[in-house]
């Protein structure tokens with residue numbers, strides 16, 4: 001019992017539910033991480049092919065089997081007419097607007113793109129894009145209302 005007496009004992013419960021704002025942040029951070037991995041793999045001359053678990057049902061027997069499939073990751077960046085790289089951040093199928101009429105970030109090189117993605121990831125974690133995420137999330141929810 002002397003070991004337990006040396007420890008600080010408290011009553012505590014684990015919070016099993018995150019607030020909707022934090023859930024949205026994590027969702028966007030995960031997608032930004034995928035884009036970052038995609039850029040870094042492309043820079044290294046490799047392909048980024050994350051795996052996902054998929055359940056397929058055999059129509060003849062009705063038996064379900066679990067297989068590992070490649071997850072498709074769409075690029076959020078492209079090269080514009082001036083040769084610069086543009087990055088549009090998406091939440092779901094909607095593009096986030098950073099300011100009125102500004103929905104993309106322009107960078108010069110692939111290294112700048114990686115730095116911009118890291119900066120965006122930090123900004124999302126810090127809560128700087130909560131208003132933009134909320135606006136887009138509200139627009140997505142409105143599409144499901146009857």
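FYI, it's all coordinate maths here, none of it is from the lab. What you are looking at is a predicted structure, and each value in this text was computed from that prediction instead of being measured. Cβ placement follows ideal geometry from the backbone for every residue including glycine, while neighbour counts extend to all protein chains displayed.
Below is a table of values for the structure above.
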{"quantity": "Residue among 85, 56 that is touching a helix residue (DSSP H, G or I) at 6+ places or on another chain (Cβ under 9 Å) and surrounded by 11 or more Cβ atoms within 10 Å (Cβ to Cβ)", "calculated": "85"}
{"quantity": "Within region 77-102, considering residues that are assigned to a loop (DSSP other than H, G, I, E, B) and closer than 15 Å to residue 140 by Cβ, the one farthest from the chain's Cα centre (by Cα)", "calculated": "97"}
{"quantity": "Which listed residue, of 142, 99, 108, 88, is farther than 14 Å from residue 32 by Cα and in contact (Cβ under 8 Å) with a residue 12 or more places away in the chain", "calculated": "108"}
{"quantity": "Cβ-Cβ under 6 Å pairs, at least 6 apart or on other chains, region 42-71 side without any contact (Cβ under 8 Å) to a residue 12 or more places away in the chain and at negative phi, far side assigned to a strand (DSSP E or B) and surrounded by 11 or more Cβ atoms within 10 Å (Cβ to Cβ)", "calculated": "65/56"}
{"quantity": "Boolean, residue 4 is outside any loop (DSSP other than H, G, I, E, B), loosely packed, with under 13 Cβ neighbours inside 10 Å, out of contact with any helix residue (DSSP H, G or I) (no Cβ under 8 Å at 6 or more places or on another chain) and without any contact (Cβ under 8 Å) to a residue 24 or more places away in the chain", "calculated": "yes"}
{"quantity": "Checking residue 21 against (1) farther than 21 Å from residue 110 by Cβ; (2) out of contact with any helix residue (DSSP H, G or I) (no Cβ under 7 Å at 6 or more places or on another chain); (3) not in a loop (DSSP other than H, G, I, E, B), the condition it does not meet", "calculated": "(2)"}
